[in-house]
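So the structure is just underneath, and the comments pick up after that.
Values quoted throughout were computed directly from the atomic coordinates according to the rules given, and no laboratory measurement underlies them. These numbers were taken from a predicted model, which means no experiment stands behind them. Glycine gets a Cβ as well: all are built from the backbone with ideal geometry, and neighbour counts include every protein chain shown.
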Amino acid sequence: MITDAIGCVTSGVYCEGDVAELLAAEGRDLEELLSAAREVRDRRFGNRVFTYGFAYFSTHCRNDCPFCYYRRSNTSVQRYRKDPEDVVALAGSLEDSGVDLIDMTMGEDPVMRDDGFGRFLSLVSRVRDAVGIGIMASPGTVPRELMVPLREAGADWLACYQETYDRTLFGRVRGSQDFDIRRDQKTWAHAAGLLAEDGIMVGIGESTEGRARSIVDMGLTGCDQMRAMAFVPQTGTPMFACDPGREVDEIRAIAVMRLLCPDRLIPASLDVDGIAGLPCRLNAGANVVTSIVPSEGDLAGVAQHELDIANGNRSAEHVMSVLGDLGFEPANAGEYRRWMDSRREALR
């Protein structure tokens with residue numbers, strides 16, 4: 001019975017079979033799962049939703065992940081690397097728009113890495129000096145010894161997505177990258193006083209049971225924010241002909257993560273279905289809107305590098321209007337800062 005599986009997961013006394021059962025819920029069982037996730041979210045966070053501005057400042061990458069549009073060998077990509085002045089100006093405009101955090105994202109850009117990450121640390125520091133809101137660093141994998149300098153430069157978060165906790169599948173979608181080093185990014189971040197985000201991709205060839213293992217293992221890392229995003233096939237990649245991940249599987253994953261980890265932040269990303277996909281993700285227990293992108297910044301997304309950007313549907317103004325229509329209140333930067341401080345205190 002789905003009620004029994006929900007009870008086991010919410011009590012913390014569960015097995016992976018209970019998680020897999022929830023991830024396969026359909027019809028009335030699915031509605032019960034979503035209702036339970038919303039109840040947990042509302043009890044912890046009320047109707048307040050955090051908002052993240054997205055600054056994808058470099059689309060260059062040394063990796064060749066077969067799912068990624070910006071993989072090294074995709075020669076059809078028109079790549080860019082933003083000037084520091086432009087990134088700082090963008091950060092200021094995002095702060096003015098009312099978002100709670102700036103997600104500074106890049107591919108594993110060799111130019112930003114070849115001087116011991118000095119250019120990257122300088123950029124984080126300049127953004128920190130220009131704004132008073134949270135900063136998330138999303139540079140891919142970094143050496144353990146960089147974590148403290150990254151925090152000292154002004155980052156509050158380190159984001160690094162595993163995509164799957166199945167080692168065999170990881171080898172297929174992450175190529176020659178090291179599973180353990182990528183997983184340990186979150187542990188190293190915590191040791192340095194940073195908050196940590198992890199994420200999985202849904203629909204990249206995993207079974208329901210494998211997805212359950214990934215969600216459980218991701219939760220056990222203690223990461224402070226957990227993300228699930230459906231796979232979107234990208235032109236110019238080996239996985240272009242693969243079936244896309246199903247929205248319903250992403251929704252189930254969000255709901256299950258909420259039940260397993262009620263105190264974590266769980267994003268509703270605009271980077272898969274755009275603004276049209278926001279209601280169902282919030283309906284599954286998400287409490288953060290990520291990948292807010294201003295139309296005037298000449299920026300790209302990741303999973304959907306153009307979706308809803310030029311038309312302004314991923315702008316902070318439009319997102320906050322939609323949140324109000326759905327009965328949510330955008331949290332302010334002070335609330336977000338207090339959440340981060342309380343989370344860091346709890347980790348000590």
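Structural remarks
- Between 0 and 90°, nearest 10: helix 247-260 axis offset from the chain longest Cα axis: 80 degrees
- Of the chymotrypsin sites (Phe, Trp or Tyr not before Pro) found in the range 1-84, the ones in coil according to DSSP and having at most 15 other Cβ atoms within 10 Å of their Cβ are Y80.
- For the range 299-346, GluC sites (Glu not before Pro) are listed when DSSP marks them as loop and at most 14 other Cβ atoms sit within 10 Å of their Cβ; the list is E306.
- Fully extending the segment from N47 to E152 would add 34.5 nm, taking 0.36 nm per residue of separation and subtracting the current Cα-Cα distance.
- Dimensions in Å of the range 6-116 - Rg and Dmax from alpha carbons: 20.9, 55
- Taking the longest Cα principal axis of the chain as reference, the axis of helix 179-191 is set at about 80 degrees.
- Counting every pair of alpha carbons in the range 234-323, the share spaced more than 18 Å apart comes to 48 percent.
- Shown for L194, L34: other C-beta atoms within 10 Å of each C-beta, ranked fewest to most, produce the order L34, L194.
- Relative intensity, log₁₀ I(q)/I(0), of the range 58-113 from a Debye sum that treats every alpha carbon as a point, q = 0.20, 0.21, 0.24 Å⁻¹: -0.79, -0.83, -0.93
- Over the range 31-179: Rg over Rh, Cα atoms, Kirkwood Rh: 1.02
- DSSP beta bridges confined to the chain are antiparallel in about 5 percent of cases.
- Under 5 Å from the amide H of I292 lie the amide H atoms of Y52, F54, each residue being 5 or more positions distant or on a separate chain, with H modelled from the backbone and absent for Pro and chain starts.
- Compared with the dominant Cα axis of the chain, that is its longest principal axis, helix 316-325 is turned about 20°.
- Modelled label positions at C15 and N332, each set 7 Å beyond Cα in the direction of Cβ, lie 5.0 nm from each other.
- Per-residue ellipticity at 222 nm, computed for the chain from helices alone with -39500 (n - 2.57) per DSSP H run of at least four residues, works out to -13500 deg cm²/dmol.
- When only alpha carbons of the chain are considered, Rg and Dmax amount to 18.8, 56 Å.
- Under conditions of 20 °C and 1.002 mPa s, the range 172-330 yields 129 µm² s⁻¹ as its translational diffusion coefficient, taking Rh as the Kirkwood radius over Cα pairs in the Stokes-Einstein equation.
- Cα shape, the range 148-236, gyration tensor, a/c 1.5 rule: prolate
- Relative contact order for the range 110-207, counting Cα pairs under 8 Å that sit 6 or more residues apart, in percent: 28 percent
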